1. Work through the residues other than S21 whose Cβ is under 13 Å from its Cβ and net out their charges, Lys, Arg +1 and Asp, Glu -1.
2. May I ask you to give the percent of accessible area on the chain that is carbon plus sulfur, with a probe radius of 1.4 Å?
3. Which angle between 0 and 90 degrees, to the nearest 10, do you get for helix 22-33 versus the longest principal axis of the chain when only C-alpha atoms count?
4. Suppose all protein chains stay in the model; what accessible area per residue would a 1.4 Å probe give for the chain, in Å²?
5. Of G34, Y7, M57, which is farthest towards the positive pole of the chain's charge dipole, taken about the Cα centre with +1 and -1 on the beta-carbons of Lys, Arg and Asp, Glu respectively?
6. Let me check I've understood the local charge: for E39, count other residues with C-beta under 14 angstrom from its C-beta, Lys and Arg +1, Asp and Glu -1. What total comes out?
Amino acid sequence: MVEYCVYWLENGEPMHEVFSSLAAAEMYSCAIRGKENVEWVEVSEEETIDLDELEDMFPDDFCGV
């Protein structure tokens, strides 16, 4: 599964938000860019870990969880 993360620096503090669609992440990044004291904005596509898939790969590690 893929998530889209928006990372930015606001007043020198690192911030982030996570979205399930690229369109939503891009719209949010545009809104963030318009804020005062925002130094940098980036949208990143990231793979997420599917716990069901991990359980299939390592069944002994999930012992009834």
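The values are calculated or read from the model by the stated rules, or taken from the named source; none is laboratory data. Not measured: the values here are computed from a predicted model. Counting neighbours? That spans all protein chains shown, and the Cβs are built from the backbone with ideal geometry, glycine included. Accessible surface areas use protein heavy atoms only, side chains included; no ligands, DNA or RNA. Shrake-Rupley method; radii C 1.70, N 1.55, O 1.52, S 1.80 Å.
1. Taking every other residue near S21 into account, the sum is -4.
2. Carbon and sulfur together cover 53 percent of it.
3. Rounded to the nearest ten degrees, it is 40.
4. 77
5. Highest projection toward the positive end goes to G34.
6. That sum, taken over residues with Cβ under 14 Å, equals -2.
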